[in-house]
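Report on the following structure.
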Amino acid sequence: MLYQNIKIDANKAEQILFEKFKIEGTAKELPGEIDFNFKIKSTNGQYILKISRPDENIQYLEYQQALLKHVESTENNLPKVIEDRNGDSISSVIDDEGNERYVRLLSWVDGRLWSSVNPKSNELRFSLGQHAGRLTKQLQGFEHKEAHREFHWDVAQGSWTLDHTALFSDEKLAILKYFQQRFKENYKEYDKLRKSVVHNDANDNNVVVSTNLIKPEVEAIIDFGDAVHTQIINDVAITCAYAIMGFNNPLEAALSIVKGYHQEFPLEEKELCFLFDAIAMRLVISVTKSAINKLKEPDNEYLLISEKPAWEVLKKWRKISPEYANYTFRSACGFTGHPNESIVKEWLSEQNVDISTIFPTIGSKDFLPLDLGVNSLWLGNYSEFNDLDVFDFKINQLQKKHPNKIIAGGYLEPRALYTSDEYETIGNYGRESRTIHLGVDFWVPVDTPVHLPFDGEVTTVTDNNKYKEYGGLIIVKHQANGIPFYTLYGHLSLKSLELVKVGDKLSKGSCVGFIGNREENGSWSPHLHFQIMLSMLNFEDDFQGVAYHSEIDVWKSICPNPNLLFKSKALETSFKSNKEDILRYRKDHLGKSLSLQYKQPIKIVRGQGVYLIDEFGNRYLDTVNNVAHVGHENPKVVEAGQQQMAVLNTNSRYLHENINELAQELIETLPPELSVIHFVNSGSEANELAIRMVKANTHQKDIIASEVGYHGNANMCIDISSYKFDGKGGTGAPEFTHIIPLPDTFRGKYTGESAVEEYVNEVKRKLKSIKDKGRNVGAFIIEPIISCGGQIELPEGFLSQAYELVRNEGGLCISDEVQTGCGRMGKTFWGFQLHNVVPDIVTIGKPLGNGHPLAAVACTQEVAEKFANGMEYFNTFGGNPVSCAIGAAVLKTVKEEKLQENALEVGEYLKKRLKKLTEKFPIIGDVRGQGLFLGFELVTETKEPLPEKASYLANRMKDFKVLMSTDGIDNNVLKIKPPIIFSKSNADELLFFLEKIFMEDFMIS
């Protein structure tokens, strides 16, 4: 029958509802494959009305009702059967065509369908697994003859799809045949698995989720129309198959579901062996059904709803090693990743092997552990470990100091050494890097012969020119009491590849190769990478030597510690996080007002360009750390500081070129009027000194500043910082501090056409108030873009008029450039230059030292002369040779690498793209700033601030390894002030994840 001829509309559904159940209600159509489903709203409550197609099997419907009644009293929130006016659980009606239709009414389970939920977090998928597992537990013992029916959606009966392969071609056909063949080959053992009645259809539209937008949980799994007696693992597979759609890494996405299911209904090891194929076969059935339904019912969109995402998962699933998938499922359920891990490890630990077995020509048996971990101080700056000559030199120097030891180490070490794109991917939660080293490295001379520790058969001989991860690579297969395992020898010479061939059977002690030189071994200094594997997975002539941290539990099971053989304390490794210990000590013994970024703090151990790197080697794109002005640990800046520190570091009472050089570099960027420099250690000191200069020049104490302005944490700085004294713990403005409203034309006190004039009048009123007290103004201090206020750009014309008013009353004008200076503005080198003014004093801070404590105050000759009133200004560390060398390197880098121009180009690109996002997401009320000093504000339609959403956004971006932070008078502004080496591709990464999170339920609610 044609679909349109049998379709039931909402009006007809309402009539049937009243006729059979005496319920008056409104019906809303819901999707369904077989039944016509309607959501009913009535004064008595909410229901789901299910009307069958013509000639539906009554026994099949009775089976569903019996199943629901079986689980009716359980803790699961499941639909309840509502009996009709005659007390029957199934009614019937005759439609307009004379066909009998069966009618059922069930209670409504409130919530949202899984298909509408975003994001589908690990916690939510775990909840889904729990719910599905609990339901399977409750169905144990339930029997019905209809449960044993022939059913195309039963994975166990999936071989019917073989009859429809003609519907597919090319890549799709190859993928289907691959999984169908695996299913067919393994069916005999698969058929022996535990069976019971299971739900069998936890798809996107059968899972109900709570309305909590931040911590949603699964409320119910509904629609038992596909329930069938089958292998229990099929239910796990189906639950996974739909819930992993849309993820970059579907295998990782499945693990939380499997964990949750196993917690409620323990799965057996032998069942997990078939989970990978069962997931695939459910998807094969789905796409085959869709292909058939396109021909049968092209108008029924529900039948095609999963086709595209199912194909996306199948294509990704095909690239996964089934063996590896099994190990990850095992690990998720608390079993050892590799089933033979314990047996092989015990055998290895019993063997009489030491390092002389592998290197018989080297006399030493002692090891010198070498830390190449991500937080290694020996490894040094990233420019050093990326320079093979430097790395070689350091290894050679280390060996000279310890001539009788073998430099070694690295098992499970998180390393930052692997920087090529081959080691990176975009996972389910942003950028992921392969950092965890799976073997042990031994640094020995070139051409050192390498010998086998056990009898074995050569399985892999790889040409260095093909794979750069190991250089020359040989893998040998061994037996541990009949159980196979492998040893890997990497970074061998090319002549090693001629010594043995695949299939060679070698005895213990046989020479398997020679250590290659740097040019031929595909790495730095000559060394052997030695690794043990319990499986070759899907590798043929290569094997993975570095793993993602998120997969470490599985990989350390596949690749056990080689130190099982050597039993050396020097090679013992333990790379567990000590983050909780650090946090605990910090809370107990560091300042109680010291805060941490993010609800779940991260431990950062290394910086590199625009990235901060955590203890496991995960790279976070840093969009807020303007202190690292020219990039985290910029090599030129690091080198300048290291070189000068090795020679001299003293105070400025002695003559030295560095202080003059830095002063000259600064003066060249400033207007001619600002030609005197004082060096200090921080922005706070700079502003503190500036206020001292004001008092010495004007003999006045009164300072005018902006609302939410922040100028440092010294006493005087706090006294002029509304951000502090008007915030938590503050006591309001001191008597000599006068605060004007935040000059914000978007959501400030004045926003209309006369806003500039009104804000200028606020300055006039403060000047008058000071005079009314019989005093005069000392200074007006403000940032050219107010950072803590929410990246507020001063309205055009305001600053020049304010400066004129203050100067007319004898006051000085201070531009706080701690955050805005040194080329960040793009259009200009300093923020005040955006407003065509010249301050009397400029304070410079964080960017100048690129993280080193260095700051400065620039002023006019007149201000400097009046400040030099006989009281000496001396700063022990200000202007020391090391700090000045670093500062000069920063300024030269900005100039030589055209980073001001980069800030302009990338900043305008990013700002334009952010403004484009406002069209799609009206929650972004305003985008503002200059260069790489930007911000966007989250507000309602009526401009009410949304601090909770801003906080949510910042913390969710951290989940995707992008660091952001909030600010503003209501903490509803996201600020963007990254190192000014930030590129367009970095901007694109930021924008991609911003858009992704803006589409999440909490953000659009």
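The values are calculated or read from the model by the stated rules, or taken from the named source; none is laboratory data. Keep in mind the model is a prediction, meaning the values are calculated, not measured. All Cβ positions, glycine included, derive from the backbone under ideal geometry; neighbour counts span all protein chains shown.
For region 526-545, which residues satisfy the criterion of being surrounded by fewer than 23 Cβ atoms within 10 Å (Cβ to Cβ) and in contact with a Phe, Trp or Tyr (Cβ under 6 Å, 6 or more places away or on another chain)?
LEU537, ASP542
Name the residue that is surrounded by the most Cβ atoms within 10 Å (Cβ to Cβ), counting only residues in region 546-585 that are within 23 Å of TYR429 (Cα to Cα), at pLDDT 85 or above and charged (D, E, K, R).
Applying the filter and picking the extreme gives GLU551.
Among the helices (runs of 4 or more DSSP H) contained in region 215-316, which hold 3 or more residues that are of a type in the set (Gly, Ala, Ser), in contact with a strand residue (DSSP E or B) (Cβ under 7 Å, 6 or more places away or on another chain) and assigned by TED's automatic domain parsing to the domain that holds LYS184?
Helices (runs of 4 or more DSSP H) meeting the threshold: none at all.
Mind checking which residues of region 180-206 are assigned to a helix (DSSP H, G or I), buried (at least 16 other Cβ atoms within 10 Å of the Cβ) and out of contact with any Gly (no Cβ under 9 Å at 6 or more places or on another chain)?
The answer is ARG182, TYR190.
Quickly run through region 640-652 and pick out the residues that are in contact (Cβ under 8 Å) with a residue 24 or more places away in the chain and not β-branched (Val, Ile, Thr).
ALA640, GLY641, GLN643, GLN644, MET645, LEU648, ASN649, ASN651, SER652
Could you pull out the residue among VAL756, VAL760, VAL708 that is under 36 Å from the mean Cα position of the chain (by Cα) and modelled with pLDDT of 95 or more?
VAL708
Suppose we filter GLN664, GLN608 for residues that are at pLDDT 85 or above and in contact with a helix residue (DSSP H, G or I) (Cβ under 7 Å, 6 or more places away or on another chain); which single one remains?
GLN608
For region 1-43, give me the residue count where each residue is assigned to a loop (DSSP other than H, G, I, E, B) and not aliphatic (A, V, I, L, M).
So the count comes out to 9.
Answer yes if at least one residue in region 206-223 is without any contact (Cβ under 8 Å) to a residue 60 or more places away in the chain and closer than 28 Å to HIS549 by Cβ, and no otherwise.
Checking region 206-223: not a single residue is without any contact (Cβ under 8 Å) to a residue 60 or more places away in the chain and closer than 28 Å to HIS549 by Cβ.
If I filter region 106-129 for residues that are of a type in the set (Val, Ile, Thr), surrounded by fewer than 19 Cβ atoms within 10 Å (Cβ to Cβ) and over 30 Å from GLN263 (Cβ atoms), do I get at least one hit?
Scanning region 106-129 turns up no residue that is of a type in the set (Val, Ile, Thr), surrounded by fewer than 19 Cβ atoms within 10 Å (Cβ to Cβ) and over 30 Å from GLN263 (Cβ atoms).
This table checks each residue for (1) modelled with pLDDT of 95 or more; (2) more than 35 Å from the chain's Cα centre (by Cα); (3) aromatic (Phe, Trp, Tyr); (4) closer than 30 Å to SER116 by Cα.
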site	(1), (2), (3), (4)
PRO298	no, yes, no, yes
ILE305	no, no, no, yes
LYS308	no, no, no, yes
VAL313	yes, no, no, yes
SER331	yes, no, no, no
PRO339	yes, no, no, no
LEU348	yes, yes, no, no
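Go through region 387-402 and report how many residues are more than 16 Å from ALA570 (Cα to Cα) and in a loop (DSSP other than H, G, I, E, B).
Result for region 387-402: 1.
On the given criteria, is THR487 of a type in the set (S, T, N, Q), more than 26 Å from ALA570 (Cα to Cα) and crowded, with 21+ Cβ neighbours inside 10 Å?
no
When residues of region 168-179 are filtered for being in a loop (DSSP other than H, G, I, E, B) and surrounded by 14 or more Cβ atoms within 10 Å (Cβ to Cβ), how many remain?
Of the residues in region 168-179, 1 are in a loop (DSSP other than H, G, I, E, B) and surrounded by 14 or more Cβ atoms within 10 Å (Cβ to Cβ).
State whether the residues of region 295-307 include one that is touching a residue at least 24 places away in the same chain (Cβ under 8 Å) and closer than 23 Å to ASP170 by Cα.
yes
Anything in region 363-384 that is among the acidic types (Asp, Glu) and part of a loop (DSSP other than H, G, I, E, B)? List them, or say none.
Scanning region 363-384 gives ASP366, ASP371.
Is one or more of the residues making up region 586-596 touching a residue at least 24 places away in the same chain (Cβ under 8 Å), surrounded by fewer than 21 Cβ atoms within 10 Å (Cβ to Cβ) and of a type outside the set (Gly, Ala, Ser)?
Checked region 586-596: no residue is touching a residue at least 24 places away in the same chain (Cβ under 8 Å), surrounded by fewer than 21 Cβ atoms within 10 Å (Cβ to Cβ) and of a type outside the set (Gly, Ala, Ser).
Among the listed residues GLN46, GLN65, identify the single one that is of a type in the set (S, T, N, Q), touching a residue at least 24 places away in the same chain (Cβ under 8 Å) and part of a strand (DSSP E or B).
Just one listed residue meets the conditions, GLN46.
Of the residues THR165, THR136, which is touching a strand residue (DSSP E or B) at 6+ places or on another chain (Cβ under 9 Å), among the hydroxyl-bearing types (Ser, Thr, Tyr) and not in a loop (DSSP other than H, G, I, E, B)?
The conditions single out THR136.
For region 496-507, indicate whether the set of residues that are buried (at least 21 other Cβ atoms within 10 Å of the Cβ) and in a strand (DSSP E or B) is non-empty.
No.
Is one or more of the residues making up region 935-958 assigned to a loop (DSSP other than H, G, I, E, B), crowded, with 21+ Cβ neighbours inside 10 Å and not acidic (Asp, Glu)?
no
When only residues in region 57-96 that are among the acidic types (Asp, Glu) and within 20 Å of ILE222 (Cα to Cα) count, which is nearest to the chain's Cα centre (by Cα)?
GLU75
Within region 410-450, which strands (runs of 3 or more DSSP E) (wholly inside it) include 1 or more residues that are at pLDDT below 95 and in the same structural domain as THR361 (by TED's automatic domain parsing)?
It comes to 424-427, 430-437.
Filtering region 470-494 down to residues that are touching a His at 6+ places or on another chain (Cβ under 9 Å) and at pLDDT below 95, which residue is farthest from SER525 (Cα to Cα)?
LEU473
Would you confirm, using the coordinates I've provided, whether HIS632 is under 29 Å from the mean Cα position of the chain (by Cα) and buried (at least 21 other Cβ atoms within 10 Å of the Cβ)?
Spelling it out, HIS632 is indeed under 29 Å from the mean Cα position of the chain (by Cα) and buried (at least 21 other Cβ atoms within 10 Å of the Cβ).
Test SER92 against the criterion of being assigned to a strand (DSSP E or B) and among the small types (Gly, Ala, Ser), and give yes or no.
yes
Which pairs turn up if I take residues in region 96-121 that are touching a residue at least 40 places away in the same chain (Cβ under 8 Å) and under 21 Å from VAL81 (Cα atoms) and look for partners that are outside any strand (DSSP E or B) and charged (D, E, K, R) with beta carbon separation below 7 Å, at least 6 apart in sequence or on another chain?
Filtered contacts from region 96-121: ARG101/ASP95; TYR102/GLU56; VAL103/LYS20; LEU106/LYS80; SER107/LYS80; LEU113/ASP204.
List the residue pairs whose Cβ atoms are under 7 Å apart, where the first residue sits in region 655-667 and is of a type in the set (A, V, I, L, M), the second is surrounded by fewer than 21 Cβ atoms within 10 Å (Cβ to Cβ) and modelled with pLDDT under 95, and the two are 6 or more positions apart or on different chains.
ILE659/SER652
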